[in-house]
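Here's the structure, in C-alpha cells; my notes come after.
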Amino acid sequence: MSTLAHVFEAEGLATVSLISVRGVAEKMSPPRALYCDFPLGRPLGEPQDAQFQHDVLRTAFVTLDEPAGPVLVDYPVVIEIDDATPLSCAVPPRYDMSLHPAVDEITALRGAYNRTLSRNGVTSVGRSCDADGLPDVMAKLVEIIAGADWKEVGLPGNPVGLAHDLRTYYEEAALALNDEPPAPGAAESWFYDVTQGGRTLLEARRAMRDGGAPFPVWFYMARATRQ
Amino acid sequence: MTADSDIRVYASGLPMPEFATPAFATPKRLSEATVAIVTTAALHRASEDGYTNTDTSYREIDRADRDLVMGHWSPNFDRAGFAADINVVFPIDRLEELEAQGVIGSVAPRHFAFAGNQEDTVSSIRLDSGPRAARALLADGVDVVLLTPV
C-alpha cells in the first residue's frame with residue numbers, strides 16, 4: 001500500500017495512508033500516514049461505529065495540513081485482537097447422525113448463513129466453491145483426514161480458496177447468531193477452536209502437510225499461527 | 001504475543017522497494033478536495049471475477065457500489081469485521097457523510113481496489129497498474145486519496 005502512496009504522489013495526488021503495520025511504514029515512509037494499532041482486517045477500527053470511524057478519518061486527514069513529509073502519526077486508541085476468547089455462539093446440535101459431525105454442523109448452519117446473506121445482500125463465500133457445495137467439501141476433508149490423497153478426493157477447487165470459503169461461511173453465519181459485531185478475533189477463534197468444521201479444516205491441513213502437500217497449498221489454508 | 005503481532009513482525013521483515021526521492025504533493029483544502037478511497041483489501045463486486053493470488057491488477061468500485069466482497073488471499077487477518085460492516089475497510093458511507101457535512105469537497109465517482117499480497121519488488125504495481133489507476137483518479141478530478149489496507 002505504501003508503494004501506491006508513492007506512485008500516486010509522483011502523479012500529483014495527495015495521499016493519506018491508514019497503516020496497519022508500523023514497521024512497514026517506518027521503512028517505506030509513505031508521505032502521510034496514520035498508524036492504527038487495530039486488529040489486522042479492521043483498518044477503521046470498529047465495525048458499525050460511525051463515530052469511531054469518523055474520528056479515525058478526522059485524525060488521518062489532519063496530516064494533510066503538514067507542509068512536508070513523510071508524516072507518521074500514531075492514532076491514540078489501541079484495539080487489541082483477542083484470539084483466545086471464542087465468540088459465545090451456539091453450535092447447532094447434532095441432527096443427522098448418519099453424517100460426520102462437521103458435515104452435519106455445516107449443513108445445520110445454513111439458515112444462519114442465509115440470514116446474513118439476506119441482510120448483506122452479498123457474500124464473500126464463493127472464491128472456489130459456493131455455499132451449496134461446502135458440505136461436500138467438508139466431507140472430502142474428512143476423507144483426507146482418514147488417509148485419502150488430497151489430489152484424488154475431488155476437491156472442487158484450490159484448497160486455499162476452499163479454506164477461505166469454509167471459514168467465511170462460518171463467520172458470516174456467526175454474525176446472524178449474535179446481536180453485536182464479533183470482537184476482533186472472536187469469530188475466527190470460534191471457527192477454529194469450537195466448531196467441528198474449523199477443527200476438521202485444521203486436521204485436514206495437518207494431514208496434507210504430513211502427507212507431503214506443497215507448502216503453499218497447506219500452509220495458507222489457515223492463519224499462519226494455527227497448527 | 002497475539003496472532004496479529006506475529007504477522008506484524010513478519011511483514012516488517014519482508015524486502016520492500018525503496019523510493020529514493022519521494023514526491024510530496026500539495027493538496028487543495030480538504031473542504032474543496034475530491035476524495036477517493038484506494039484499498040489493498042482486494043475488494044470487488046460480487047458480480048465480478050475475484051483476484052488470483054498474484055494479481056497485480058485493480059478493480060474499479062463505483063461510488064454507489066455496496067455489493068462488495070473480500071477477495072484477499074491471506075488468511076492472516078480478521079474478516080468478520082468487514083462482513084459486519086464494509087466501512088471498517090472501505091469507509092465509503094463515512095466519506096458520503098463528510099461530503100454532506102462540508103468537511104470534504106466531494107466523494108470521487110470511482111474508487112479502486114488492489115490485492116495487497118504482492119511479490120517483493122511490486123514492480124507491476126509501481127510501473128503499470130499503479131500509474132494507470134493514478135491517471136484514472138486524476139481524470140475524475142481526484143485531489144486526495146485515502147489508502148486503506150486490511
**Asked** Looking at (1) buried (at least 21 other Cβ atoms within 10 Å of the Cβ); (2) out of contact with any strand residue (DSSP E or B) (no Cβ under 6 Å at 6 or more places or on another chain), which is the only condition A:Asp37 fails?
**Response** (1)
**Request:** Taking B:Ala46 as the residue in question, decide whether it is in contact with a strand residue (DSSP E or B) (Cβ under 6 Å, 6 or more places away or on another chain), hydrophobic (A, V, I, L, M, F, W, C) and at the interface with another protein chain (Cβ under 7 Å from one of its Cβ atoms).
**Result:** yes
**Fill in**
Output for Cβ contacts, cut-off 6 Å, separation at least six or different chains, first residue farther than 11 Å from A:Val16 by Cβ in region A:50-78, second surrounded by 17 or more Cβ atoms within 10 Å (Cβ to Cβ) and hydroxyl-bearing (Ser, Thr, Tyr), reads A:Pro70/A:Ser29; A:Asp74/A:Tyr35; A:Tyr75/A:Thr59
**Message:** Can you find a residue that is surrounded by fewer than 20 Cβ atoms within 10 Å (Cβ to Cβ), more than 30 Å from A:Ile79 (Cβ to Cβ) and at pLDDT 95 or above anywhere in region A:217-227?
**Reply:** yes
**Request:** Determine the pairs where a residue that is not assigned by TED's automatic domain parsing to the domain that holds A:Gln53 and modelled with pLDDT under 90, located within region A:18-34, has a partner that is basic (Lys, Arg) and outside any strand (DSSP E or B) with Cβ atoms under 8 Å apart, the partner being 6 or more residues away or on another chain.
**Result:** none
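This table checks each residue for (1) assigned to a helix (DSSP H, G or I); (2) touching a strand residue (DSSP E or B) at 6+ places or on another chain (Cβ under 8 Å); (3) surrounded by fewer than 21 Cβ atoms within 10 Å (Cβ to Cβ).
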| residue | (1), (2), (3) |
| --- | --- |
| B:Gly81 | yes, no, no |
| B:Asn87 | yes, no, no |
| B:Asp93 | yes, no, yes |
| B:Glu97 | yes, no, yes |
| B:Ile104 | no, yes, no |
| B:Phe114 | no, yes, no |
| B:Ala134 | yes, no, no |
| B:Leu138 | yes, no, yes |
| B:Leu146 | no, yes, no |
**Prompt:** Of all the residues that make up region A:127-153, how many are outside any helix (DSSP H, G or I) and either among the aromatic types (Phe, Trp, Tyr) or buried (at least 20 other Cβ atoms within 10 Å of the Cβ) (or both)?
**Reply:** 4
**Message:** Need pairs with beta-carbon distance below 9 Å; first residue of a type in the set (S, T, N, Q) and within region A:196-223, second modelled with pLDDT under 95; sequence gap 6+ or separate chains.
**Reply:** A:Gln196/A:Val91
**Message:** Checking the condition among the small types (Gly, Ala, Ser), surrounded by fewer than 19 Cβ atoms within 10 Å (Cβ to Cβ) and in contact (Cβ under 8 Å) with a residue 40 or more places away in the chain, which residue from B:Ser57, B:Ser12, B:Ser47 passes?
**Reply:** B:Ser57
**Request:** For residues that are among the β-branched types (Val, Ile, Thr) and more than 23 Å from B:Thr26 (Cβ to Cβ), tally how many sit in region B:124-147.
**Result:** 1
**Request:** Among the candidates A:Gly41, A:Gly69, single out the residue that is in contact with a Phe, Trp or Tyr (Cβ under 9 Å, 6 or more places away or on another chain), at pLDDT 95 or above and facing chain B (nearest Cβ under 8 Å).
**Result:** A:Gly41
**Checklist (1) outside any loop (DSSP other than H, G, I, E, B); (2) in contact with an Asp or Glu (Cβ under 9 Å, 6 or more places away or on another chain) applied to A:Pro156, failing item** = (1)
**Message:** Regarding region B:31-40, can at least one residue be identified that is over 23 Å from B:Thr121 (Cβ atoms) and surrounded by fewer than 18 Cβ atoms within 10 Å (Cβ to Cβ)?
**Reply:** yes
**Prompt:** Which numbered condition trips up B:Asp67, out of (1) at the interface with another protein chain (Cβ under 8 Å from one of its Cβ atoms); (2) touching a residue at least 60 places away in the same chain (Cβ under 8 Å); (3) surrounded by fewer than 20 Cβ atoms within 10 Å (Cβ to Cβ); (4) under 18 Å from the mean Cα position of the chain (by Cα)?
**Reply:** (2)
**Request:** All but one of (1) surrounded by fewer than 18 Cβ atoms within 10 Å (Cβ to Cβ); (2) of a type in the set (Lys, Arg); (3) in a loop (DSSP other than H, G, I, E, B) hold for A:Lys27, so report the exception by its number.
**Result:** (3)
**Request:** From (1) away from chain B (no Cβ under 14 Å); (2) out of contact with any Lys or Arg (no Cβ under 6 Å at 6 or more places or on another chain), pick out the condition that doesn't hold for A:Val153.
**Result:** (2)
**Complete:** Of those in region B:116-132 that are farther than 26 Å from A:Phe38 by Cβ and more than 15 Å from the chain's Cα centre (by Cα), the residue surrounded by the most Cβ atoms within 10 Å (Cβ to Cβ) is B:Ser124
**Request:** Specify which of the listed residues (A:Leu64, A:Leu57, A:Leu4, A:Leu18) is of a type in the set (A, V, I, L, M) and outside any helix (DSSP H, G or I).
**Result:** A:Leu18
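The values are calculated or read from the model by the stated rules, or taken from the named source; none is laboratory data. In this text, all values refer to a predicted model and were calculated from it rather than measured experimentally. Note that each Cβ is placed from the backbone with ideal geometry, even for glycine, and that neighbours are counted across all protein chains shown.
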